[in-house]
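Take a look at the structure below.
Each value in this text was obtained by applying a stated rule to the coordinates, not by laboratory testing. All values derive from a computational prediction rather than experimental measurement. Neighbour counts are summed over all protein chains in view; Cβ atoms, including those assigned to glycine, are modelled from backbone coordinates with ideal geometry.
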Amino acid sequence: MTIAFEVIKECKDTRARVGRLYTPHGVVDTPVFMPVGTQATVKAMSPEELEEIGAQIILSNTYHLYLRPGAEIIKEAGGLHRFMHWNHPILTDSGGFQVFSLADLRQINDEGVTFRSHIDGSSHFLSPEKATEIQMALGSDIAMCFDECPPYPASYEQVEKAVKRTSSWAERCLEAHRREDQALFGIVQGGVFRDLRERSAAELTALDFPGYAIGGLSVGEPKRLMYEVLDYTVPLLPASKPRYLMGVGTPDALLEGVKKGVDMFDCVLPTRVARNGLALTSSGKVVVRNARYARDYEPLDPECDCYVCRNYTRAYIRHLLKANEILGLRLTTYHNLYFLIRLMAKIRTAVMEGYFLKFAEEFMAKYLEKEV
Ligand SMILES: NCc1cc(CSc2ccccc2)c2nc(N)[nH]c(=O)c2c1
C-alpha cells in the first residue's frame with residue numbers, strides 16, 4: 001500500500017478531525033499545512049530549517065520542474081528527494097493549473113494542453129499521460145491528477161466542460177500511473193455549481209483514489225462562496241481518505257477549512273508575503289517594512305517562540321528588508337512558515353482535547369484580518 005490514512009479523533013461539534021497519513025517517506029499528522037517549494041526549494045529556506053520549523057511534507061511542481069531543470073535530470077539525480085536533499089514526504093501538483101496561470105496557453109483540447117514556456121517561449125505539450133510520467137520520474141510520494149481548473153467567474157458550460165475533461169483525464173492518469181510507491185490523488189472540480197461538484201465527486205470517487213483534492217477554489221471567488229462550496233463538497237468525499245484543499249492557506253481559511261473537514265492545505269502566502277515584508281502574527285498582519293517599526297525593538301510576534309522571534313527585532317528585520325538584504329527575506333519567511341505550521345499543531349491539539357471550536361473562535365477574535 002503506497003499510502004494509508006487513519007482518522008485518529010473526530011470533533012464532536014464540527015467536521016474537524018485529526019488523522020495520520022502514512023507515506024513511503026514518513027508519517028504526516030493532519031490537519032497539515034504544506035509549504036510550497038515550486039522549483040524544488042521552499043524559497044529562502046534550507047531543508048534543515050524546514051525540519052527545524054516543523055514542516056512535515058512539502059509541495060513541488062511538475063510544470064516548473066519539467067521546464068527547468070527537466071524531469072530527466074532529476075530522475076538521473078535519484079529523484080526529487082535526493083536532488084533537493086529532503087528526506088520527508090513530497091506532493092507534486094500535476095502542472096495543469098500552472099499552465100493556465102503561468103504559460104501563455106496556445107491550445108487546450110481533450111488530448112491535453114499546448115503552451116509556450118514562461119521561461120523561454122518554447123512550445124510544449126502536456127497531457128494526462130505526460131504529467132503522470134513526469135511525476136513518476138520525480139518520485140514524489142503523492143502525485144496529482146492532471147485536471148482543468150476553470151477561472152472565476154466562469155459560465156456553467158465552461159465549468160461543465162472542465163468537469164468532463166477532469167474526469168476523463170483522471171481515468172487516463174490512473175491508466176498511465178505505474179509507481180507502486182507513489183499515491184495518485186484525484187482532484188474534484190465543478191466551480192461554484194453544486195450539481196457539477198456532485199457530478200465531479202461522483203465520477204472521481206468511482207475511480208477509488210487513495211486521496212482527493214478539492215480544486216477550483218481560491219481562484220478569486222468571495223471567501224463565503226468558497227466556504228459554501230466546501231460545506232456541500234467535503235461530505236461527498238470518503239471520510240476514510242485524506243481531503244486536500246488546493247491553494248488555501250490564510251489563517252482564517254485554514255481554521256474554516258479544518259472545521260469543514262479538510263485535512264491538507266497549501267499556500268504560497270507565507271513565503272510570497274514575506275518577500276513584501278509582511279509577517280503573520282497572532283494579532284494579525286504586520287507590514288514590518290513600514291516606518292512605524294523603525295524603532296520597534298519587539299519581535300515580529302511577541303507571542304511567538306520561533307528562532308526569529310527569540311533573536312531579532314522588528315527594527316532590525318525592517319532595516320534588512322529596506323536594504324534588500326537577503327537575510328530579511330529569510331527571517332520573515334522562516335517566521336511566517338513557523339506561524340502557520342505552529343497554528344496547525346495547535347489545531348491538532350485542540351481537536352484531540354475537544355476544544356477546537358473554542359480555540360478557533362478565540363484565535364479569530366485576536367487575529368484581525370486588517371494590518372496591525
Ligand atoms: N488556487 C487554487 C488552486 C491551486 C492549485 C495549485 S496547488 C499546488 C501549488 C504548487 C505546488 C503543489 C500544489 C491547483 N492545482 C490544481 N492541479 N488544480 C486546481 O484546481 C488548483 C487550484
Open item on the list: Of the candidates Gly216, Gly261, Gly328, which one comes out as most mobile in a Gaussian network treatment of the chain with C-alpha springs shorter than 10 Å?
Closed with: Gly328
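Once the other residues with Cβ under 14 Å from the Cβ of Asp104 are scored (Lys, Arg +1; Asp, Glu -1), what is the net sum?
Summing Lys/Arg as +1 and Asp/Glu as -1 gives +1.
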TODO: Can you list which of the GluC sites (Glu not before Pro) found in region 263-366 are DSSP loop residues with at most 16 other C-beta atoms within 10 Å?
DONE: Glu303, Glu325, Glu353
Task: Exposure rule at most 10 other beta-carbon atoms within 10 Å, DSSP loop trypsin sites (Lys or Arg not before Pro): the chain longest free segment - done: 13-177
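For the pairs Lys43/Lys161; Lys346/Lys366; Lys43/Lys358; Lys12/Lys164, flag any whose C-alpha to C-alpha distance is greater than 25 Å.
Beyond 25 Å: Lys43/Lys161; Lys43/Lys358; Lys12/Lys164.
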Open item on the list: Based on Cα coordinates alone, diagonalise the gyration tensor for region 209-282, multiply each eigenvalue by 5, take square roots, and list the semi-axes in whole Å, largest first.
Closed with: 24, 13, 11
Open item on the list: For Lys130, give me every one of the lysines with a C-alpha distance below 18 angstrom, ignoring sequence neighbours fewer than eight places off in its own chain.
Closed with: Lys75
TODO: State the percent of C-alpha pairs, over all pairs in region 189-325, separated by a distance greater than 24 angstrom.
DONE: 45
Task: Over region 8-48: Rg over Rh, Cα atoms, Kirkwood Rh - done: 1.13
- [ ] Kindly provide log₁₀ I(q)/I(0) values, in the same order as q = 0.25 Å⁻¹, from the Debye equation applied to equal alpha-carbon scatterers of region 1-88.
- [x] -1.26
Task: Calculated Rg and Dmax of region 265-367 using C-alpha coordinates, Å - done: 14.3, 46
Task: Orientation-averaged projected area, Cα convex hull of region 310-372 (nm²) - done: 5.3
- [ ] Among DSSP beta bridges lying fully in the chain, give the percent that are antiparallel, nearest 5.
- [x] 50
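Can you compute the FRET efficiency between Val287 and Ile326 using 1/(1 + (r/R0)^6), with r the Cβ-Cβ distance and R0 = 22 Å? Round to the nearest 0.05.
Numbers: r = 19 Å, r/R0 = 0.88.
Computed FRET efficiency for Val287 and Ile326 comes out at 0.70.
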- [ ] Return an integer: the convex hull volume of the alpha-carbon atoms of the chain, in Å³ per residue.
- [x] 132
